[in-house]
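Please read the structure below before turning to the comments.
The values are calculated or read from the model by the stated rules, or taken from the named source; none is laboratory data. Note that the structure is a prediction, hence the values are computed from the model and not measured. Cβ placement follows ideal geometry from the backbone for every residue including glycine, while neighbour counts extend to all protein chains displayed.
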Amino acid sequence: MLAGVFKRRGVLEVEDRPEPSGLAEDEVLLEVEGCGVCGTDLHILNDPPGHPATEGVILGHEIVGRIINTGSAVANSMQETA
């Protein structure tokens with residue numbers, strides 16, 4: 001899967017990361033269709049940074065996607081209807 005990764009001060013790189021596996025019982029796995037970069041992400045990328053972050057962290061949390069797998073304790077999920 002592609003991910004926007006904070007590499008170092010002022011640098012965001014898109015890189016291929018392995019798909020998560022072994023869902024916890026209360027987790028869902030999404031197929032991301034789109035992801036936004038928010039103000040906090042931009043503050044992290046400022047030089048000097050306006051917000052702390054660890055190098056290697058994946059940025060972007062404003063996500064649109066489909067549920068493709070659920071953990072065993074997930075009882076309900078919203079399904080797209082046509």
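Taken together, the criteria place Leu42 among residues that are at pLDDT 90 or above and out of contact with any strand residue (DSSP E or B) (no Cβ under 8 Å at 6 or more places or on another chain). For the stretch 26-35, the tally of residues that are surrounded by 10 or more Cβ atoms within 10 Å (Cβ to Cβ), assigned to a strand (DSSP E or B) and not aliphatic (A, V, I, L, M) stands at 2. Are any of the residues in the stretch 50-62 outside any loop (DSSP other than H, G, I, E, B) and not β-branched (Val, Ile, Thr)? Yes; the residues of the stretch 50-62 include at least one that is outside any loop (DSSP other than H, G, I, E, B) and not β-branched (Val, Ile, Thr).
Considering the stretch 36-61, and only residues there that are in contact with a helix residue (DSSP H, G or I) (Cβ under 9 Å, 6 or more places away or on another chain) and closer than 20 Å to Arg17 by Cβ, the residue that is surrounded by the most Cβ atoms within 10 Å (Cβ to Cβ) turns out to be Leu59.
Beta carbons closer than 9 Å, at least 6 apart along the sequence or on distinct chains, pair a first residue in the stretch 42-71 that is over 19 Å from Gly10 (Cα atoms) and in contact (Cβ under 8 Å) with a residue 12 or more places away in the chain with a second that is in a strand (DSSP E or B) and among the charged types (D, E, K, R) for Ile63/Glu33; Val64/Glu33; Gly65/Glu31; Gly65/Glu33; Arg66/Glu31; Arg66/Glu33; Ile67/Glu31; Ile68/Glu31. Of the residues making up the stretch 1-25, those that are over 13 Å from the mean Cα position of the chain (by Cα), surrounded by 11 or more Cβ atoms within 10 Å (Cβ to Cβ) and in a loop (DSSP other than H, G, I, E, B) are Arg9, Gly10, Leu23.
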